[in-house]
Amino acid sequence: MIRLALALLLAGCATDDGGPRIASIAPTVAGPGADIALVGTRLCSGACATTGGEILIGLDPPQTRAIVKTLAVDGATFQIPSGTPSGKTVVIVEVGDRASNAIELTVLAP
């Protein structure tokens, strides 16, 4: 319940702090090994290949680090790693010390 409340709070924040923002995710339901695409803004900083962001699955520690396949300022693709807990969760992008809004993802059991 606390995770859901926090996710809704993060998603509903209208103030732009200059950090990363996720606009969409596709697909919204997938299992381990699946490729996921994000569209957004400021998903990395500087030279994205060397100073990019990190994509995390889950709101509560321990979060799962996604396998980043491509990363650009306005989009990213990642793979859901094996061992990622199944069920409804969120995806967050971290760039430096700033975190994006949370966007919903349902991870299917393997």
### Within the stretch 87-106, tally of residues that are surrounded by fewer than 13 Cβ atoms within 10 Å (Cβ to Cβ) and either in contact with a Lys or Arg (Cβ under 9 Å, 6 or more places away or on another chain) or in a loop (DSSP other than H, G, I, E, B) (or both)
1
### Task
Among the residues of the stretch 71-86, write down those that are closer than 11 Å to residue 31 by Cα and open to solvent by less than 40 Å² (accessible area, probe 1.4 Å).
80, 81, 84
### Condition met for residue 77 (modelled with pLDDT of 95 or more, farther than 16 Å from residue 108 by Cα and among the hydroxyl-bearing types (Ser, Thr, Tyr))
yes
### the stretch 28-59 - residue that is open to solvent by 60 Å² or more (accessible area, probe 1.4 Å) and modelled with pLDDT of 90 or more and, of those, farthest from residue 101 (Cα to Cα)
35
### Query
Is there any pair linking a residue in the stretch 50-71 that is touching a residue at least 12 places away in the same chain (Cβ under 8 Å) to one that is of a type in the set (Phe, Trp, Tyr), with Cβ under 7 Å and at least six apart or on different chains, and which?
55/78; 66/78; 67/78; 68/78; 69/78
### Summary
Per the filter on the stretch 93-110, residues without any contact (Cβ under 8 Å) to a residue 60 or more places away in the chain and closer than 18 Å to residue 61 by Cβ are 97
### Task
May I ask you to list the residues in the stretch 1-27 that are at pLDDT 95 or above and outside any loop (DSSP other than H, G, I, E, B)?
21, 22, 23, 24, 25, 26
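The values are calculated or read from the model by the stated rules, or taken from the named source; none is laboratory data. All figures in this text were calculated on a predicted structure; none of them were measured in a lab. Here the Cβ is made from the backbone with ideal geometry for all residues, glycine too, and neighbour counts use every protein chain on show. SASA here: full protein model, heavy atoms, side chains in, ligands and nucleic acids out. Shrake-Rupley method; radii C 1.70, N 1.55, O 1.52, S 1.80 Å.
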